[in-house]
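The values are calculated or read from the model by the stated rules, or taken from the named source; none is laboratory data. All values reported here derive from a predicted model rather than from experimental measurement. So basically every Cβ, Gly included, is an ideal-geometry build from the backbone, and we count neighbours across all protein chains shown. Just the protein is used for accessible areas: all its heavy atoms, side chains included, with ligands, DNA and RNA removed. Shrake-Rupley method; radii C 1.70, N 1.55, O 1.52, S 1.80 Å.
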Amino acid sequence: MPRLKSPSISPHFDVIVVGSGAAGLYAALCLPTHLRVALVTKNTINMGSSNYAQGGIAAAVDPSDNPFLHLEDTLKAGVGLCDYEAVKFMVENAAEAIAHLVEMGVAFDRKGEKLAMTLEAAHSRPRVLHSADTTGRAIIDTLVAKVLERPNIQVISQAIALNLWLAPQKDRVQGISLLHQSKIQWLKSSVVVLATGGGGQIFAQTTNPEVSTGDGTAIAWRAGAILRDLEFFQFHPTALTKPGAPHFLISEAVRGEGAHLIDEKGYRFAFDYHAAGELAPRDVVSRAIFHHLHKTSSDPTHAHVYLDLRPIGPERIRYRFPNIINVCQQWGIDVFQEPIPVSPAAHYWMGGVACDLMSQTSIRGLYAIGETASTGVHGANRLASNSLLECLIFAAQLSRIEIEPNLVARDSDISQINSDWNREMEQIEAIRQMLPSLMWESAGISRHEELLNQALYQVNRWRDSLASFEIVKFLANLLPNEMIELNSTNAEEQLRITAETLNLLDLGYLILKSSMSRAESRGGHYRSDYPKTSNDWNVHTLIQGDRLWKSSTKIKSKRLKIKSIGS
Ligand code: FAD
Ligand code: SIN
């Protein structure tokens, strides 16, 4: 790992960026260099979904492609709920973002001189740029190196943002509270950028890393920001499924290159469910697997299907998927000889903190980017490889940020706490374990009112029971400008687990509530009691506090009205 800069932290920055994935790193780099920027991250600087990204980054940069086709594919995958202007902005600016990555040194694969492209599900053209099957790592390594060269950016790693610090009128941010090096302290800034990634850890089966506990979304919600479309979660069809193994992603690019999905008997079943077979949109393929297993297996919850790479050919497999070969080998699977056991897993959260084109949320000074944000580009279902692109395009908007007159932080009062939370931790950790299974069974690939209701009841009981815990009250009653020194690293770990568990419980409540309200099926949200898509639901769901409402106007797709947007 690269060495990080000095750990001593000033209490005052021009901008605080929370999260060091593609979105947070790129934002920090795009911010004007005269600004003092804190880049806060809860693990090492390179840990996050971005680093795990395999398939690549979508951009219509090949002469045979154009942004209009990319726009059309994105709108189609989003099933009526994409924000047209946001998608248009993203696809039109894709070429510039890619050029910037290349200029910084990201080594995308090439075919001769030209950038190589692969096909992924629901793209009408091969337009996914890649660096073997570790595209995320190639991008993150480059961005990290650039960030570490920048004197105006202070990286604060192993530091978890707990909450936002709002001005007394609650109308604007003025910083965050931070748990770091056995201390809780407040960092002051009139601009906070939430780039904390997704929340896959809320589900028992997920491709997301451990840091993906939806912290930024929960933090924004508690501060009163408007959140959007939280019911839309994407389940990736093909995660490795082997006892003891993590749900390691087997990239969609594998199917793009020609791999077949087969069942226990070797039957290629995907075409029974959609004319595009394995390359139908992700939600369709995930549900196809779900339904096929329910039709053919006596224990569908624990069953899996297989992904057979052999139709691709050994040379191409070796060239394109070295990491997948390695990881499978570690779990005893020789991809040249046998198919990989796979099943769907929670992968990407389309919903998030509602933002405009400038990445601004409903709270003054608060921005959200990357998977934490709901910019409107994904609608009800994200098109493959559009996420890394979204991270870059909307993070770059921060280059145009206007900083409000600076707030001067006064010195913190220091107090110490002698914590004794051991007895409470047992129950908190038990809830942390049980919640993802409850969510997977009730709000996973197939949802139904009765199960959603039961799960909501249980989540609310957990939230109520934890409210009286000393450690929870301690976190809820932190006072701005008070620096608290903890008496042990154990206490720091206990606070981290508690903070993440509370975030996951808040998000569980919000996802279940949103999923109950949407009485139809669309994109990543499938209700077995309302299996059809309904025109009445061509609207967003919005949540602020406990209030949930539908966006007032129906969303109209403009895709038939436009001819072309550049080329
Ligand atoms: P992340 O990269 O997840 O970064 C979040 C950051 O926030 C991390 O640094 C984390 O430590 C930090 N953080 C979280 N909470 C806190 C807190 N409370 N305090 C401080 N720091 C915090 N998309 C594509 O477009 N193409 C792909 O090929 C692709 N492949 C994928 C493969 C996998 C296995 C996964 C999981 C996702 C993939 N995606 C892909 C989706 C895409 O990678 C993510 O949506 C995107 O990288 C998210 O970037 P981000 O910067 O928003 O968040
Ligand atoms: C994959 O490689 O299948 C993931 C691509 C994505 O999530 O966009």
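Does ILE414 count as touching a strand residue (DSSP E or B) at 6+ places or on another chain (Cβ under 9 Å), β-branched (Val, Ile, Thr) and open to solvent by 30 Å² or more (accessible area, probe 1.4 Å)? Lay out the reasoning, then the answer.
Numbers: touching a strand residue (DSSP E or B) at 6+ places or on another chain (Cβ under 9 Å): yes; β-branched (Val, Ile, Thr): yes; open to solvent by 30 Å² or more (accessible area, probe 1.4 Å): yes.
So ILE414 fits the description; yes.
Which numbered condition in (1) within 14 Å of ligand 1 (Cβ to nearest atom); (2) closer than 20 Å to TYR367 by Cβ is the only one that GLN54 fails?
For GLN54, the failing item is (2).
For the condition within 12 Å of ligand 2 (Cβ to nearest atom) and within 20 Å of TRP331 (Cα to Cα), what is the one hit in PHE235, PHE248? Walk me through it before giving the result.
Numbers: PHE235 fails: within 20 Å of TRP331 (Cα to Cα).
One residue alone meets the criteria, PHE248.
Considering every residue within region 504-525, establish whether at least one is outside any helix (DSSP H, G or I), among the acidic types (Asp, Glu) and open to solvent by less than 30 Å² (accessible area, probe 1.4 Å). Spell out how you get there, then give the answer.
Narrowing region 504-525 to residues outside any helix (DSSP H, G or I): 518-525.
Subset that is among the acidic types (Asp, Glu): 520.
Then drop every residue that is not open to solvent by less than 30 Å² (accessible area, probe 1.4 Å), which leaves 520.
Looking through region 504-525, at least one residue is outside any helix (DSSP H, G or I), among the acidic types (Asp, Glu) and open to solvent by less than 30 Å² (accessible area, probe 1.4 Å).
Looking only at residues that are outside any helix (DSSP H, G or I) and open to solvent by 10 Å² or more (accessible area, probe 1.4 Å) in region 20-34, which one is nearest to ligand 2 (Cβ to nearest atom)? Working first, answer last.
Step one: of region 20-34, the residues outside any helix (DSSP H, G or I) are 20-21, 31-34.
Then drop every residue that is not open to solvent by 10 Å² or more (accessible area, probe 1.4 Å), which leaves 21, 32-34.
Values: GLY21: 13, PRO32: 31, THR33: 31, HIS34: 35 Å.
Looking at the filtered set, the residue picked out is GLY21.
Looking only at region 380-389, decide whether some residue is open to solvent by less than 10 Å² (accessible area, probe 1.4 Å) and more than 15 Å from ligand 1 (Cβ to nearest atom).
Yes, region 380-389 has at least one match.
If ILE289 satisfies all but one of (1) within 16 Å of ligand 2 (Cβ to nearest atom); (2) surrounded by fewer than 20 Cβ atoms within 10 Å (Cβ to Cβ); (3) within 25 Å of the chain's Cα centre (by Cα); (4) over 25 Å from ALA132 (Cβ atoms), what's the number of the condition it fails?
Exception for ILE289: condition (2).
Can you name every residue in region 259-274 that is open to solvent by less than 90 Å² (accessible area, probe 1.4 Å), under 31 Å from the mean Cα position of the chain (by Cα) and not charged (D, E, K, R)?
Across region 259-274, the qualifying residues are ALA259, HIS260, LEU261, ILE262, PHE269, ALA270, TYR273, HIS274.
Please find, among VAL40, VAL87, the residue that is in contact with a Leu (Cβ under 9 Å, 6 or more places away or on another chain) and within 13 Å of ligand 1 (Cβ to nearest atom). Walk me through it before giving the result.
Details: VAL87 fails: within 13 Å of ligand 1 (Cβ to nearest atom).
Answer to the check: VAL40.
When you look at ASN460, is it farther than 30 Å from ARG36 by Cα and surrounded by fewer than 16 Cβ atoms within 10 Å (Cβ to Cβ), yes or no? Write out each step before concluding.
Working: farther than 30 Å from ARG36 by Cα: yes; surrounded by fewer than 16 Cβ atoms within 10 Å (Cβ to Cβ): yes.
Yes: the conditions hold for ASN460.
Looking at (1) touching a Leu at 6+ places or on another chain (Cβ under 8 Å); (2) within 14 Å of ligand 1 (Cβ to nearest atom); (3) assigned to a loop (DSSP other than H, G, I, E, B), which is the one condition that is false for GLY197?
With (1) touching a Leu at 6+ places or on another chain (Cβ under 8 Å); (2) within 14 Å of ligand 1 (Cβ to nearest atom); (3) assigned to a loop (DSSP other than H, G, I, E, B) applied to GLY197, the lone miss is (1).
Do we have GLY256 as closer than 30 Å to ALA396 by Cα, within 15 Å of ligand 1 (Cβ to nearest atom) and either open to solvent by less than 10 Å² (accessible area, probe 1.4 Å) or of a type in the set (Phe, Trp, Tyr) (or both) here? Can you show your working first?
On the way: closer than 30 Å to ALA396 by Cα: yes; within 15 Å of ligand 1 (Cβ to nearest atom): yes; either open to solvent by less than 10 Å² (accessible area, probe 1.4 Å) or of a type in the set (Phe, Trp, Tyr) (or both): no.
The answer is no for GLY256.
Just to verify a result, which residue in region 341-365, among those that are touching a helix residue (DSSP H, G or I) at 6+ places or on another chain (Cβ under 6 Å) and under 22 Å from LYS242 (Cβ atoms), is farthest from ligand 1 (Cβ to nearest atom)?
Only one residue fits best here, namely PRO344.
Applying the selection to region 201-210, what residues are buried (at least 24 other Cβ atoms within 10 Å of the Cβ) and among the hydrophobic types (A, V, I, L, M, F, W, C)?
Correct list: ILE202, PHE203.
What are the residue pairs meeting all of these: first residue in region 234-249, first residue at negative phi and assigned to a strand (DSSP E or B), second residue among the aromatic types (Phe, Trp, Tyr) and within 12 Å of ligand 2 (Cβ to nearest atom), Cβ atoms under 9 Å, and 6 or more apart or on different chains?
GLN234/TYR348; GLN234/TRP349; PHE235/TYR348; HIS236/TYR348; ALA239/PHE248; LEU240/PHE248; LEU249/TYR52
Return the only residue of GLU424, GLU429 being open to solvent by less than 50 Å² (accessible area, probe 1.4 Å) and not in a loop (DSSP other than H, G, I, E, B).
Values: GLU429 fails: open to solvent by less than 50 Å² (accessible area, probe 1.4 Å).
Exactly one residue qualifies, and that residue is GLU424.
Consider PRO344 against the criteria (1) without any contact (Cβ under 8 Å) to a residue 40 or more places away in the chain; (2) assigned to a strand (DSSP E or B): it satisfies all of them except one. Which criterion is unmet?
Condition not satisfied by PRO344: (1).
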